[in-house]
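Rule-based calculations on the coordinates, nothing more; no lab input. Keep in mind that this is a model prediction, so the values were computed, not measured. When we count neighbours, we look across all protein chains shown, and the Cβ atoms used for this are built from the backbone with ideal geometry, even at glycine.
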Amino acid sequence: MNPSHTFSIAGRAIGPDQPIYLIAEAGVNHNGELPLALELIDRAAEAGADAVKFQTYRLDELILPGVKKAPYQQRTGDAGESQSAMLERLAIDEEFHRALIARCEQRGIRFLSTPYGSRSLALLESLQVPVIKIASTDTTNQLFLEEVGACGRPVILSTGMSTAAEVLAAATTLRAAGCRELLLLKCTSNYPTPPAEVNLRSMATLAALTGELVGFSDHTEGVGASPAAAAMGAVLIEKHYTLDHDLPGPDHRASLNPAQLTEWVRRIREVELQLGSRQLGPSPSESDTRPSLQKALVVLQDLQAGETLTRRNLGALRTGGQGIGAFHGLDLLGRRVTRAIPAGTPLQWEDLAR
């Protein structure tokens, strides 16, 4: 599905035949509280994720005052609160960011964040965040995409809510502005995403349309969709997680808890093992099994020296590895034997006349 070129985050190659890059999406599930955010980092590191991602924004470059919450946000919180008021509570400043980065360095996990405007992009650049992740809300924001493309960092772009033409235009704008490494995420911007709207097959369409690497931003409930995306060629997968589904906030209920996050990582890595190699042929364990289970050529009737091999007197049985492999059966019909051979004897090459 994916092109053969690679994408990198701080020297870690991402692409076909590379380990899938797993992002634990903390998002705003810290509820604006640093202790919660630090614990989220700890849980992501313990689960084995490659990176943990937050959200970086300044309210005045993201939303107008009084804008209503999205329907899923209304279902998971105070429906009377405006979206802008909610986001104001969840915004984090530079000092908060630095504390998160320090904790990530301590725990050996990569810090990532999504900027939502020019100043938040500048902050992440100043903090040396190695890759810029653009949310679906900005897939059609051509002014911002041009800024992001010009920053010189690899870009991950979510594509939720966007048409094929809009996604192609976004990729074109980023590339034209100077983006040298681009990765697109198949995404459905609904929390949680109903199974019928996941549309994993469209990952291949996205790759064919743009020629870019493709991953999956998983907003479904549970862990099932991500391993399926891994099997279908996603090179990067992200998933929201929380410390507790019952915490107040817009994304907690559609997120994995820490135990589920660990299972999410385990199942994706298991799929990677199962995908294995592109090379055809027996596996190492099959090489041990082959002598016991594969058939070899066996004489079915008593033969005298000089008799001809036919379908009536030659067959294939399991012999425990003795004799000529059944693969050669058609080639040996019509050949003469050089000695008397009792029925039930595995045929050997030296039994055949030249």
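Points worth noting:
- Relative contact order %, the stretch 284-351, counting alpha carbon pairs below 8 Å whose residues are six or more apart: 43
- Taken along its principal axes, the alpha carbon cloud of the stretch 7-275 reaches lengths of 43, 40, 39 Å, longest axis first.
- Given charges at beta-carbon only (K, R positive; D, E negative), |dipole| of the chain in Debye: 1600
- Between helix 258-275 and the chain there is an angle of about 40 degrees, using the helix long axis and the longest principal axis of the Cα atoms.
- Sites Leu127 and Glu166 - FRET efficiency at Förster radius 30 Å, r taken between beta-carbons, to 0.05: 0.50
- Built from the Cα atoms of the stretch 230-300, the convex hull projects on average onto 8.4 nm², one quarter of its surface area.
- 10 Å-binned pair-distance histogram of the stretch 65-173 (Cα, whole percent): 13, 35, 35, 17, 0
- For the stretch 284-351, taking the reciprocal of the average inverse distance between every pair of different Cα atoms yields a Kirkwood hydrodynamic radius of 12.1 Å.
- Sorting the segments 41-47, 101-107 by their residues' average number of neighbouring beta-carbon atoms within 10 angstrom, most packed first, yields 41-47, 101-107.
- An ellipsoid equivalent to the stretch 211-335, defined through the eigenvalues of its Cα gyration tensor, has semi-axes of 58, 15, 10 Å when rounded to whole angstrom and sorted largest first.
- Cross-link partners of Lys53 among lysines, defined as those whose alpha carbon lies under 16 angstrom from its own and excluding same-chain residues fewer than eight positions apart: Lys133, Lys239.
- D_trans [Stokes-Einstein, Kirkwood Rh over alpha-carbon pairs] for the stretch 1-146, 25 °C, 0.890 mPa s, µm² s⁻¹: 148
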